[in-house]
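Asks: This is the structure, below, for whatever I ask next.
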Amino acid sequence: SDPILEHGIHSSFAQRKLRGRERREIQKEILSVLGLSHRPRPHLHEKDTSAPMFMIDLYNLMNVQDEQMFSFFKHVHTDDEPSLVGHQETYLLADADLVMSFANLFENDTEVCHQCYRKELRFDLVDIPVGDQLTAAELRIYKDQIPYNETYQLSVYQVMEAYTNKLLKLDTQIICGSDFGWLTLDVTETSNAWVVNPKYSLALQLMVETMGNKSIQPRFVGLVGQSGPQEKQPFIVAFFKSKTIHLRRAR
Amino acid sequence: STSGHWHQEDQAMEMKDYPLSNITEISMSSSLDEQHFLKQPCQKHELYVSFRDLGWQDWIIAPEGYAAFYCDGECAFPLNSYMNATNHAIVQTLVHFIYPEIVPKPCCTPTELQGIPVLYFDDNSNVLLKKYRNMVVKACGCH
């Protein structure tokens with residue numbers, strides 16, 4: 001899908017197979033241009049899970065010219081399958097220098113614990129960039145359709161680790177049983193904890209209530225968790241703005 | 001940048017390895033005419049950085065690579081009226097006219113830069129989408 005390769009421009013480049021040392025030198029140079037101290041070695045690199053799929057959508061959106069953005073956008077939202085990228089992300093993307101996704105690492109098992117009316121999710125935020133300003137953070141969770149067309153209130157809380165069992169309410173959304181697609185909850189308020197403690201592990205709790213204030217298990221309204229398909233796993237996406245200009249280190 | 005130990009023999013050897021159009025026209029014998037090479041008018045060459053060829057497809061999701069250009073030869077600006085010379089290049093040229101033996105002609109300067117987004121995995125399999133501003137030179141003083 002690379003337009004450069006497709007249109008044959010690539011053939012005009014001088015091509016030569018790099019030798020071992022030469023190859024390593026060039027790799028080192030380009031890593032330096034990219035502002036990386038070493039070559040990342042991810043233990044998992046599947047691209048068909050929810051977070052990478054969302055990020056690929058964002059990348060494609062970024063490559064669309066400004067004048068085309070609106071029509072691209074309309075196209076995305078007329079598809080049968082709900083898109084991962086929404087209006088909100090388009091505006092956040094325009095202002096961001098870095099977008100980062102965090103996959104859910106842990107979830108309490110509500111199938112075993114029948115008394116658990118809260119779904120707990122955990123995210124490891126050790127790799128957030130130092131010195132960059134967090135402009136927005138969203139928890140994205142997929143909701144399947146359920147046969148009961150009732151209205152529910154979905155709330156997300158931050159677990160305050162310094163205070164046992166203390167929760168901070170972050171966002172609330174009204175959802176219908178017939179709704180399906182990605183729900184976006186604003187968790188930007190948690191960024192205070194990220195900045196203070198760079199090796200932070202963020203714990204969030206999701207709670208679902210009927211309009212009569214009766215708690216019900218999140219999976220009963222169709223919220224997809226770790227037992228669901230890979231492309232519907234919950235994740236966090238954070239938007240950062242760089243405060244400083246990247247300077248290459250002298251070697 | 002060039003390192004100080006890059007001798008003429010090495011230079012001739014290196015140039016053989018790069019089949020660039022303007023270089024192949026020059027004799028690669030030991031009598032490499034540096035002056036002739038320097039007086040070649042500035043030419044535009046393209047370079048494609050392929051992340052795939054670097055063996056990075058396991059962590060760089062997109063793009064597969066990016067194209068940029070560089071130029072070599074003697075810069076023609078700002079004497080040609082249709083070229084976009086930078087202020088620095090104009091001053092450098094004027095001073096070169098006054099002190100031709102001391103002050104060299106100006107080198108190319110980027111006048112239009114473009115960013116590229118790169119999508120990649122980090123060590124913990126988080127996905128990052130980073131905008132690299134001013135990554136690709138789209139135009140320089142003479143092109």
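Asks: Evaluate the following for A:S50: is it more than 9 Å from every other protein chain (Cβ to nearest Cβ), at pLDDT 55 or above, in contact with a helix residue (DSSP H, G or I) (Cβ under 8 Å, 6 or more places away or on another chain) and more than 22 Å from A:E138 (Cα to Cα)?
Replies: No, not satisfied.
Asks: Of everything in region B:126-143, what is crowded, with 18+ Cβ neighbours inside 10 Å and within 14 Å of chain A (Cβ to nearest Cβ)? Give them in sequence order.
Replies: B:N126, B:V127, B:L128, B:L129, B:K130, B:V137
Asks: Could you list, in sequence order, the residues of region A:23-42 that are farther than 23 Å from A:V130 by Cα and either touching a strand residue (DSSP E or B) at 6+ places or on another chain (Cβ under 9 Å) or not in a helix (DSSP H, G or I) (or both)?
Replies: A:I26
Asks: Let me ask you something else. Answer yes if at least one residue in region B:95-116 is modelled with pLDDT of 85 or more, surrounded by 16 or more Cβ atoms within 10 Å (Cβ to Cβ) and either closer than 28 Å to A:L18 by Cα or away from chain A (no Cβ under 14 Å) (or both), and no otherwise.
Replies: yes
The values are calculated or read from the model by the stated rules, or taken from the named source; none is laboratory data. All of these numbers come straight from a predicted model, not from anything done at the bench. Neighbour counts run over all protein chains shown; Cβ positions are idealised from the backbone, glycine included.
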